[in-house]
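Working notes for the structure below.
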Amino acid sequence: MKVLIAEDEKDIRHLLKLQLEENGYTVYAAKDGIEALEVLQNTDIDLAVLDVMMPRLDGFNLLRKIRQTSNLPVIFLTARGDDMDKILGLGIGADDYLVKPFSMAELLARVGAQMRRNLEYSSHKAQVSSKLKYGSLCLDKDACCVYIDEALVELNAKEYLLLKYLMESPERVFTKKQIYRAVWDEDVYFDDNTIMVHISHIRNKIETDPKNPKFIKTIRGIGYKFHKQSEMSL
């Protein structure tokens, strides 16, 4: 699970990173709100711990930007402990609020609780929704259809399965062998050219510019990944 820490005090940032990593989390640390926003734009973060008073972009305004596109759990960690600050933080979308000085054990417990709650919510949401939607591209798993700006895209069975496989794990890099095994269901025979041809056909159908694709990215020497479009801006 990936945790973002946005904290301008170096010692606290370092301590939080060490403690969370010791408890099995992958931690991304940022020293201000702008740096934190850049991490969020490029990484699938599962939970964010934000200080309120940060240079360039404070925690409240950072959270407002996050909530434009994401429901990830956010815990405020700050020296500002008066009721109005808590009400404001919770009112704009924070999930929890911890005041400095704090107990590391309590913070870890709150992080764990928010992670569990989010996993339960995500699991329920996945059961309810059958659609994968990123930007203008939508894949309906129940209907086995793909749309661009609500216009139906004609894909054959293998093209659909390949695109679905990539879209179900956005930003994850898959080797060509992994893709072939999943889509063609074969372990012994592996045809690199077949994957390249199918990727090319899919790009021609879903990309505005197939030579400069925004959805299916080639990872040179490894394979491919589906790039999740980000709408957050500085």
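One residue stands out among those in the stretch 1-21 that are assigned to a loop (DSSP other than H, G, I, E, B) and out of contact with any helix residue (DSSP H, G or I) (no Cβ under 7 Å at 6 or more places or on another chain): the one that is surrounded by the most Cβ atoms within 10 Å (Cβ to Cβ), which is Asp8.
When Tyr147 is tested against (1) out of contact with any Asp or Glu (no Cβ under 8 Å at 6 or more places or on another chain); (2) modelled with pLDDT of 90 or more; (3) of a type outside the set (S, T, N, Q), just one condition goes unmet, and that condition is (1). Is it true that some residue in the stretch 16-28 is under 25 Å from Tyr134 (Cα atoms) and among the charged types (D, E, K, R)? Looking through the stretch 16-28, none of the residues is under 25 Å from Tyr134 (Cα atoms) and among the charged types (D, E, K, R). Among the residues of the stretch 147-159, the ones that are buried (at least 18 other Cβ atoms within 10 Å of the Cβ) and under 25 Å from the mean Cα position of the chain (by Cα) come to 1 in all. Cβ-Cβ contacts under 9 Å between residues 6 or more apart (or on different chains), taken from a first residue in the stretch 204-223 that is over 15 Å from Gln178 (Cα atoms) and not assigned by TED's automatic domain parsing to the domain that holds Gln178 to a second residue that is loosely packed, with under 15 Cβ neighbours inside 10 Å and among the hydrophobic types (A, V, I, L, M, F, W, C), are absent. So is Leu162 in contact with a helix residue (DSSP H, G or I) (Cβ under 7 Å, 6 or more places away or on another chain), modelled with pLDDT of 90 or more and surrounded by 12 or more Cβ atoms within 10 Å (Cβ to Cβ) or not? Criteria met by Leu162.
Suppose we filter the stretch 70-103 for residues that are under 27 Å from the mean Cα position of the chain (by Cα) and within 12 Å of Val49 (Cβ to Cβ); how many remain? Total meeting the criteria: 12. Counting only strands (runs of 3 or more DSSP E) wholly contained in the stretch 22-83, the ones carrying 3 or more residues that are of a type in the set (A, V, I, L, M, F, W, C) and touching a residue at least 40 places away in the same chain (Cβ under 8 Å) occupy 47-50. Does at least one position in the stretch 106-124 carry a residue that is part of a strand (DSSP E or B) and either modelled with pLDDT under 90 or outside the structural domain of Lys205 (by TED's automatic domain parsing) (or both)? Among the residues of the stretch 106-124, not one is part of a strand (DSSP E or B) and either modelled with pLDDT under 90 or outside the structural domain of Lys205 (by TED's automatic domain parsing) (or both), which makes the answer no. Selection over the stretch 169-207 of residues that are surrounded by 14 or more Cβ atoms within 10 Å (Cβ to Cβ) and acidic (Asp, Glu) gives a count of 1. Looking across the stretch 49-60, not a single residue is surrounded by fewer than 14 Cβ atoms within 10 Å (Cβ to Cβ) and under 23 Å from the mean Cα position of the chain (by Cα).
The values are calculated or read from the model by the stated rules, or taken from the named source; none is laboratory data. Since we're looking at a predicted model, the values are computed, not measured. As a convention, Cβ positions derive from the backbone with ideal geometry for all residues, glycine included, and neighbour counts pool all protein chains shown.
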